[in-house]
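The structure under discussion appears below in the form of structure tokens.
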């Protein structure tokens, strides 16, 4: 790691040809993956990501360079090569401030836990899945953990380090019967150490995974049609993440590519919708104390009773948009310049009861578990897969259905949310975008969308 | 980097075999927006991976912080990791194949081309797309060049090297007519700079985008479906893991006990060919140092056998197929053998069908083990044997194993994608299409 005086000097040099802003991002990340397949530890691997990223900005144009070699000479060489893009009067870098303290409240750092304790846990979870039912033919359990240590320093005086601890438990069960196979996956994650196992009842979840895999063997292909869809709490929030979260990122808004561009203060959804993106939820998978530009993370109100209140904004796009940064500058690692991204994004709880929402739905789909999805911010078109669903008939859950795919347009679906329950919950995933793949939480209470296109292979309605 | 010294250090620590691979890559990426370069990224990164066998088990590490002291620590980590493994599976570090296929190296030096030339060509791409009156914006326009080199060496005397250099470019146009918005792009990859034709690339992008304007959804029902060569490659790709020996061993493929059995219709020939001349890359050896070779995975509808790595080859008592990549078993250039019909002749036989040119959400809408898929799609309506009008916001659903047995015809237009999968356009008898009513 370079000394603070050296970093200060390098930032000064970076502004020599007229750049308005210079930033150095140092990273050292160590990741461990332990995998259990059925009754055996089948794989252990270790991955280290280490390097430096240099970013210069002038008039919103960016030059970025990165290398795994972290030395004063190498950083200087990158700077000299990058600043050649700019021609202007030298600017002065602000004196680097003192780093603010951070407390990530990690109780049992992974590196302090023995390999045996980790593998014992994974073997026991695998056994829960395997022994649940004779139809279960395979189980895979994994513990993914990594610690990312970063230091970001910029010519505006920011000098901030942070240490992020991530833990994710992957549980997968495969059931088979009469040549049919069904797989079910769960992957809860936390910004925690080994105490993730105290925070989440992984044994109950393992049992649930096995049960659902067996259950889905009897699911029928859903009949393609348009109908009301009730989206269960937790992972159901992926709809908001894809359909509204991404188009609210400055990446899409600054260039006018998002349907929400220029809509601050206007109604973009039905009045039952209030939504947040929070970078500072204790222990949450999507949390960091400081973002990857060194700004303290915060809770951002995005939509209040249907009215658009804020975008998610990073430093550079903030300049273009004349919008304050929201602590949302994120990147997978030093190989990416940061941009506006989500942390923990959710629809706030309403007052409805889940039972009432289902009771009041004459015919529709209850999407209990969702797979992933995708969105095109320019068109707002999104899709997401229902991994576990049930038909709703006369206000009651009936047949399990498989293969349902929901599609829609983000800016339209927000207006079609007509019921919001009181049972907010979260789900964890890896979110991919132009600054790489990062941990994010999605969240929502159970909601109902009055009409959606539902794809499936089960014939005609 | 003194790999020889590191191998010796590993052996002295008690590892019975050590393998080291070093990859070095550098890149340049330019991004244009509104007629100027808005982002310019340069990089060089080296990564070292070590695999070592300790008391019969294999440990693995990969790292970017590289120094002799770090290598010492990482070798200890290899041992630590190997000790945790309980599974009784063969751990192999390879002495090398008898011979290796010769491939033409991609060694064009893109850095020799003047930067101003690259900048002006990329800006041409961006501004040419933007100049079209139906284009409301260009989301992004990118030129990227990569140069990489790798060394694979081990304590059994293997020493292999490979180099690869290529560049690619694309521009994403946003096309608008009234309330109708869509995006289109064409991705082009090239091995010499001369092959980069920004005007041509822009024109293909514009043509694609304009054709799709005015797209509508369709009434929900079953239709005959034509998958374009590109979209059927996508489907072949997401199901390719089912032909892996590891998947068979772990009961994660329905083809586990189907070697020698019919799993597809008679004219379904699926081939994994690392050297195919029309594929983007030719691959002489895999990550374990095994020579790559052409093989049928499905021949005349009959499943020929699984692709493997050294561990699975030993366990299944089979010859290694040279398919170990990225720590797992992967295809090289896998393609479906084309038929003889032209694309137009294929369409001509369809009265009321759907031609699919884009599939979205492949990571979510596919259940590989059960073969079920349900995917957001767009493309064109086929009416009376002709492409009629553009279609979007539909979902195509079915089962891939059924599709393998229900192809009416295969066209002659084999095309490879960048990830190495190739396919002709195919006509599927009938699939569920769901859309919306306005």
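Relative to the longest principal axis of the Cα atoms of chain A, the long axis of helix A:115-130 lies at roughly 30 degrees. Specify the inter-centroid distance of the stretch A:1-63 and the stretch A:357-404, based on alpha-carbon positions, in whole Å. First find each Cα centre; the distance between them is then 40 Å. Considering only the Cα atoms of the stretch B:244-312, their convex hull presents on average a projected area of 5.3 nm². Once C-alpha pairs closer than 8 Å and six or more residues apart are averaged by separation and normalised to the residue number of chain B, the relative contact order reads 15 percent.
Compared with the dominant principal axis of the Cα atoms in chain A, helix A:202-216 is inclined by about 50°. Which number comes out as Rg/Rh for chain A once both Rg and the Kirkwood Rh are worked out on C-alpha atoms? Radius of gyration relative to Kirkwood radius: 1.01. The order of A:158, B:321, going from fewest to most other C-beta atoms within 10 Å of their C-beta, is A:158, B:321.
Residues B:331, A:17, B:116 in ascending order of nearby Cβ atoms (within 10 Å, fewest first): B:116, A:17, B:331.
Residue exposure proxy: A:212, A:330, ordered by other Cβ atoms within 10 angstrom of their Cβ from fewest to most, comes out as A:212, A:330. For the stretch A:221-455, the equivalent ellipsoid derived from the Cα gyration tensor has semi-axes of 30, 17, 16 Å, listed largest first.
Any number yet on Rg/Rh for the stretch B:215-438, C-alpha, Kirkwood?
With Rh from the inverse mean 1/r over Cα pairs, Rg/Rh is 0.99.
Between the helical axis of B:115-131 and the longest alpha-carbon principal axis of chain B there is an angle of about 30 degrees. Sorted largest first, the spans of the alpha carbon positions of the stretch B:3-211 along the three principal axes are 69, 38, 34 Å. Helical content alone sets the calculated 222 nm signal of chain B at -6000 deg cm²/dmol, taking -39,500 (n - 2.57) per DSSP H segment of four or more residues and averaging over every residue.
In the stretch A:4-216, Cα pairs under 8 Å separated by at least six residues give a relative contact order of 23 percent. Working from Cα pairs under 8 Å separated by at least six residues, relative contact order for chain A is 16 percent.
Summarised in one figure, the compactness ratio Rg/Rh of the protein assembly as shown, Cα atoms and Kirkwood Rh, is 0.94.
Here the sum of -39500 (n - 2.57) over DSSP H runs of 4 or more residues, divided by the residues of chain A, equals -5000 deg cm²/dmol at 222 nm, to the nearest 500. Shielding by partners for peptide A:228-241, expressed as the average number of C-beta atoms from other protein chains within 10 Å of each residue's C-beta, is 0.
With Cα atoms defining each centre, the stretch A:169-216 and the stretch A:114-147 are spaced 9 Å apart in the structure.
Of all the options B:414, B:270, B:362, the one that moves most in a Gaussian network model of chain B with Cα springs shorter than 10 angstrom is B:362. Projected onto their three principal axes, the Cα atoms of chain B cover extents of 72, 58, 37 Å, largest first.
Rule-based calculations on the coordinates, nothing more; no lab input. Everything numeric in this text was worked out from a predicted model, so none of it was measured. Reconstructed Cβ throughout: ideal geometry from the backbone, glycine too, with neighbour counts over all protein chains shown.
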